[in-house]
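The block underneath contains the structure these notes are about, expressed in structure tokens.
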Amino acid sequence: MTDPIEVAMVVNGAEHVAAVEARKTLADFLREDCLTTGVHLGCEQGACGACTVILDGQAVRSCLLFAVQASGSAVTTAEGLAGADGSLNVVQEAFRECHGLQCGFCTPGLVVTVTAYLADHPDPGRDEIRSALSGNLCRCTGYQGIIAAVEQAAVIAALQGGIS
Amino acid sequence: MMALRLARPEHLVDLNGVTELDSVQAIDGLLRIGAMTRQFVVGADSTVADQVPLLALATPYIGHFQIRNRGTVGGSVAHADPSAEYPTVVVALDAELEVSSTRGTRRIGAAEFFEGPMMTALGPDELLTAIRFPVWAGRSGFSFREVSRRHGDFALVGVAVGIELDESTTIRRAAIALLGVEGRPRRAPDAEAALVGTAISAVDAGEMGRLALKPLRATDDIHASAEYRRRVGAHLVSQAVEEACRRASEVDGD
């Protein structure tokens, strides 16, 4: 095994520096070193979407990246979506109101995905929403509440002048 | 491959820092795309859409947008999954693969590059650095279609088609490549030969589908039977041939 490598990244606004194994995934780094355990690991091979985080503005799979590859970047996890006072962001609020979750395992990946998606696609149609959600598996809801939540979040974000 | 525990390489080299590999260049009748160019860049690049429309048409079918944000052209091609989209475009257009090693650089034609499922002509010491896509000038139209259980799943079967017309409505050049049917992307030379020299009004699209699938030995597995792949594949070929012909006929001659 090689010596640990120092990584430094901004996670939800706070600088994190740690020496990690070269092959430690970004997902494990976020969970174990940054304690952002909202990063959920379902399949660990890029299919389920539970570990989705925003890396330098783009939604990515944190299980398919090594932490060293994200060194120098800014990462937002589900924990970073809410305001400093704990107020939910527009997507999280819509998921709560529209019953977009049941057990909650997929929810962090979904709210991160939807937040990133709506930032680039502020007025999606229903088919576009379904396509955008295709990379996040939910085994409870049947997706209808999730789709309704995305539609509501898009409307409210537009009224508020954009997604935060 | 590592996440699936299919590979445990002793050494890993991250190419993300090699910025020379991230480029889209139009040069002398071809489009050269660096191996580390992200899939979402290819899908959104206006030069790509203009010069190699098949790439733009194929990109939305690759995984999900979170995957395309990180996935690269070279990664998809060197991985050589039988269901992958970019390898099929490479084969359809007879693109050339630029590879490098400490022994030097060489170019490999698409027909020699893909050897089987996840198997390519790349040597163990070689690195895919760029792909050279021929640009079809003139009156050409393209189509890309695939069928999967859900959007973003691995394709069960799919097809890439290119059609180029002469000054009137006769087909001058035709390319058809199928994914997911065999262990690597396969061309359909009989159907292509039947299309060339035919006026688009006389094209029997259903027959082209039959001709395209006839010589192929379709994969039979848990995801789909060989018969399903053959029937759906033939149907996709006929749809894509019709669409590519229509698109080519809509391009103004000059």
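Numbers below:
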{"read-out": "Residue match in the range A:105-118 (condition: within 12 Å of chain B (Cβ to nearest Cβ), free of Cβ contacts under 8 Å to residues at least 60 places away in the same chain and under 24 Å from residue B:41 (Cβ atoms))", "value": "yes"}
{"read-out": "Scan of the range B:214-240 for residues that are in a loop (DSSP other than H, G, I, E, B) and surrounded by fewer than 16 Cβ atoms within 10 Å (Cβ to Cβ), ordered by number", "value": "B:214, B:215, B:217, B:220, B:221, B:222, B:225"}
{"read-out": "Residue match in the range B:2-24 (condition: within 12 Å of chain A (Cβ to nearest Cβ) and at positive phi)", "value": "yes"}
{"read-out": "Test: residue B:59 is at pLDDT 95 or above and within 14 Å of chain A (Cβ to nearest Cβ)", "value": "yes"}
{"read-out": "Whichever residue in the range B:145-186 is in a strand (DSSP E or B) and under 12 Å from residue B:247 (Cα atoms) and, among such residues, is nearest to the other protein chains (Cβ to nearest Cβ)", "value": "B:161"}
{"read-out": "Count - residues of the range B:78-117 that are outside any helix (DSSP H, G or I), aliphatic (A, V, I, L, M) and touching a residue at least 40 places away in the same chain (Cβ under 8 Å)", "value": "3"}
{"read-out": "Scan of the range A:24-40 for residues that are buried (at least 17 other Cβ atoms within 10 Å of the Cβ) and either within 16 Å of the chain's Cα centre (by Cα) or in contact (Cβ under 8 Å) with a residue 60 or more places away in the chain (or both), ordered by number", "value": "A:25, A:26, A:27, A:28, A:29, A:30, A:31, A:34, A:36, A:38, A:39, A:40"}
{"read-out": "Sole exception among (1) in contact with a Cys (Cβ under 9 Å, 6 or more places away or on another chain); (2) within 21 Å of residue A:143 (Cα to Cα); (3) in a helix (DSSP H, G or I) for residue A:103, by number", "value": "(3)"}
{"read-out": "First in the range A:11-23 and free of Cβ contacts under 8 Å to residues at least 24 places away in the same chain and within 14 Å of chain B (Cβ to nearest Cβ), second anywhere and of a type in the set (S, T, N, Q) and exposed (fewer than 14 other Cβ atoms within 10 Å of the Cβ), Cβ under 9 Å, 6 or more apart", "value": "A:21/A:2"}
{"read-out": "Enumeration of residues in the range B:137-158 that are among the hydrophobic types (A, V, I, L, M, F, W, C) and touching a Leu at 6+ places or on another chain (Cβ under 8 Å)", "value": "B:142, B:144, B:147, B:155, B:157"}
{"read-out": "Residue check for residue A:125: at pLDDT 95 or above and surrounded by fewer than 17 Cβ atoms within 10 Å (Cβ to Cβ)", "value": "yes"}
{"read-out": "Evaluation of residue B:167 against (1) closer than 25 Å to residue B:110 by Cβ; (2) at pLDDT below 95 (one fails), failing number", "value": "(1)"}
{"read-out": "Residue match in the range A:92-108 (condition: within 24 Å of residue A:55 (Cβ to Cβ), loosely packed, with under 14 Cβ neighbours inside 10 Å and modelled with pLDDT of 95 or more)", "value": "yes"}
{"read-out": "Selection from the range B:194-246 of residues that are among the hydrophobic types (A, V, I, L, M, F, W, C) and either touching a His at 6+ places or on another chain (Cβ under 8 Å) or under 11 Å from residue B:161 (Cβ atoms) (or both)", "value": "B:195, B:205, B:208, B:212, B:236, B:237, B:240, B:241, B:244, B:245"}
{"read-out": "Condition check for residue B:196: surrounded by fewer than 20 Cβ atoms within 10 Å (Cβ to Cβ), of a type outside the set (Gly, Ala, Ser) and farther than 20 Å from residue B:242 by Cβ", "value": "no"}
{"read-out": "Strands (runs of 3 or more DSSP E) contained entirely in the range A:6-95, each with at least 2 residues that are among the β-branched types (Val, Ile, Thr)", "value": "A:14-20, A:52-55, A:74-76"}
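For every residue, the table says whether it meets (1) part of a loop (DSSP other than H, G, I, E, B); (2) exposed (fewer than 13 other Cβ atoms within 10 Å of the Cβ).
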residue	(1), (2)
B:8	yes, yes
B:13	yes, yes
B:33	no, no
B:36	yes, no
B:43	no, no
B:59	no, no
B:63	yes, no
B:74	no, no
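One line per residue, one yes/no per condition, for (1) at pLDDT 95 or above; (2) within 15 Å of residue B:129 (Cα to Cα):
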residue: B:13; (1), (2): no, yes
residue: B:29; (1), (2): no, no
residue: B:35; (1), (2): yes, yes
residue: B:40; (1), (2): yes, no
residue: B:66; (1), (2): yes, no
residue: B:70; (1), (2): yes, no
residue: B:75; (1), (2): yes, yes
residue: B:91; (1), (2): yes, no
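The values are calculated or read from the model by the stated rules, or taken from the named source; none is laboratory data. Nothing here was measured: the structure is a model prediction, and the numbers come from that model. Cβ: placed from backbone, ideal geometry, glycine included. Neighbour counts: every protein chain shown.
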